There are 2 protein chains.
Amino acid sequence: MQIAIPLYDGFTALDAVGPYEILARLPGAEVVFAATRPGPVRTELGSLALTADRPLSEVTAPDILLVPGGPGTVEALADQALLDWLRTAAAATTWTASVCSGSLLLAAAGLLNGRRATSHWIALDHLAGMGAIPSNERVVFDGKYATAAGVSAGIDLALHLAGRIAGDEIAQAIQLVVEYDPQPPYDAGSISTAPAELVTSLRASGLVVQ
Amino acid sequence: MQIAIPLYDGFTALDAVGPYEILARLPGAEVVFAATRPGPVRTELGSLALTADRPLSEVTAPDILLVPGGPGTVEALADQALLDWLRTAAAATTWTASVCSGSLLLAAAGLLNGRRATSHWIALDHLAGMGAIPSNERVVFDGKYATAAGVSAGIDLALHLAGRIAGDEIAQAIQLVVEYDPQPPYDAGSISTAPAELVTSLRASGLVVQ
């Protein structure tokens, strides 16, 4: 079971690594990090690079495709070769998934037309203009397409996927191995629970995650 | 504010990347991934490498030290140069933190003597034999030392740290940016909530996280 995670400049590290830590533990999983050019790919914050081991051109028929988001999405949306690759790869998959603004890339590739999908809260409105039906749920399944909200939501998405792929017992075992028993010290992780003025100021700050 | 994250072969990706995604967003944060030899460092699962941009020898006085865990800890515990570096670096810090079995490395360096600390549930008992006082809490603070339980607990630890370093408002803003509003589909993330037979079978499987 090949799991392809494409990287591009300015992706968000946790978008990729959260689901990776879950999905790579599935029985028979073979994860491939890939990019247009193999080698280190810098994340949005510049201080971390993940290695893409293979060129995209060598990864054409994954069983699972997981697309991370991040501010780099803005440039990636104009990368026709990447969008072509997404279309080709998605045609082969059992599951095609995204985290955060990765859903905008799937939408730009025409893969979410008429499908319910989610994204980072600050990017969610863009989905409607790209043919998808935006949902503010944390994890959205529509057919073989699974999309997650911002950044950390990829962990929840991956556990859902793990259950569907390998069954609840294995998914629970993976959850216990990564000790995913979240206890955030604040309840500010969604726009429905965070202080309203915080949401307003972040929207006004020009925070770019798409 | 320099934040040093040392990498070593066989570390667990999310141990490092979870806290990174939080701490790197603090005002004035400069994150440095470092290793004995700079370059790509493979995680425990083999299918991912993170780039260490600097040699440990060039990062000697970080403000914050964050040590990831993983199965590679077993070999790292015998790496005297790494333990020496941990002692040197920790002498300079405002905060010294670990995720998962990273606390065993801090303990082996003599930094947790008589201190309360936590670790991955399967490694927790080892801490007592290394001079620390094990606690099964998810995040434990004792003086300037902060330790987290397994893998995903590093995200919670980092939000606690963010609040102490920069205040609750900034920590909450970061939580909202990474949309950390966890909604795991199962309640199997700790040994107190997971099915008992699952805990037993994982213990018996020889799962190595220390």
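Would you mind listing the distances between the residue A:196 label point and the same position in each other copy? Use 7 Å along Cα-to-C-beta, nm, one decimal, shortest first.
For residue A:196, the other copies' label points sit at 4.9 nm, shortest first.
What FRET efficiency comes out for the pair residue B:203/residue A:63, r = Cβ-Cβ distance, R0 = 35 Å, nearest 0.05?
After rounding to 0.05, the efficiency reads 0.65.
Using a label position 7 Å from Cα in the Cα→Cβ direction, what is the ascending list of nm distances from residue A:28 to the same site in the other copies?
Between copies, matching label points for residue A:28 lie 5.3 nm apart.
Applying 1/(1 + (r/R0)^6) with R0 = 30 Å to the Cβ-Cβ distance of residue A:30 and residue B:113, what FRET efficiency is obtained, to the nearest 0.05?
0.10
Could you tell me whether chain A comes out rounded, prolate or oblate from its Cα gyration tensor? Rule is a ≥ b ≥ c as square roots of the eigenvalues, rounded for a/c under 1.5, then prolate if a/b exceeds b/c, otherwise oblate.
Judged from the Cα gyration tensor, chain A comes out rounded (a/c under 1.5).
Which net charge results when you count Lys and Arg as +1 and Asp and Glu as -1 among the other residues whose beta-carbon is under 11 Å from that of residue B:95?
+1
If amide hydrogens are placed 1.01 Å from N in the peptide plane, which non-local residues have theirs closer than 5 Å to the one on residue B:98?
B:67, B:146, B:147, B:148
Just to confirm a number: summing +1 for Lys and Arg and -1 for Asp and Glu over residues other than residue A:147 whose beta-carbon lies under 14 angstrom from that of residue A:147, what do you get?
My count for the surroundings of residue A:147 gives -1.
Once the other residues with Cβ under 14 Å from the Cβ of residue A:111 are scored (Lys, Arg +1; Asp, Glu -1), what is the net sum?
+2
Let's test the formula: R0 of 41 Å, r as the Cβ-Cβ distance of residue A:75 and residue B:128. What FRET efficiency results, to the nearest 0.05?
0.20
Between A:171, A:162, A:188, find the one with the highest GNM mean-square fluctuation for chain A; connect C-alpha pairs within less than 10 Å.
A:188
Which residue, B:175, B:80, B:183, has the most motion in a Gaussian network model of chain B that connects Cα atoms within less than 10 Å?
B:183
Tally the DSSP beta bridges in the range A:2-204 and give the antiparallel ones as a percent, rounded to 5.
Roughly 30 percent of the beta bridges in the range A:2-204 run antiparallel, per DSSP.
Amide H of residue B:52 versus every other amide H placed in the peptide plane: which residues, excluding those fewer than 5 positions away on the same chain, fall under 5 Å?
B:39, B:41
Which one of A:197, A:137, A:30 has the biggest mean-square fluctuation once chain A is modelled by GNM with Cα springs under 10 Å?
Top of the fluctuation ranking is A:197.
Bear in mind these aren't lab numbers, they're just calculated from the coordinates by the rules spelled out. Because the structure is predicted, anything quoted here is derived from the model rather than measured. Every residue, glycine among them, receives a Cβ derived from its backbone with ideal geometry; neighbour counts consider all protein chains shown.
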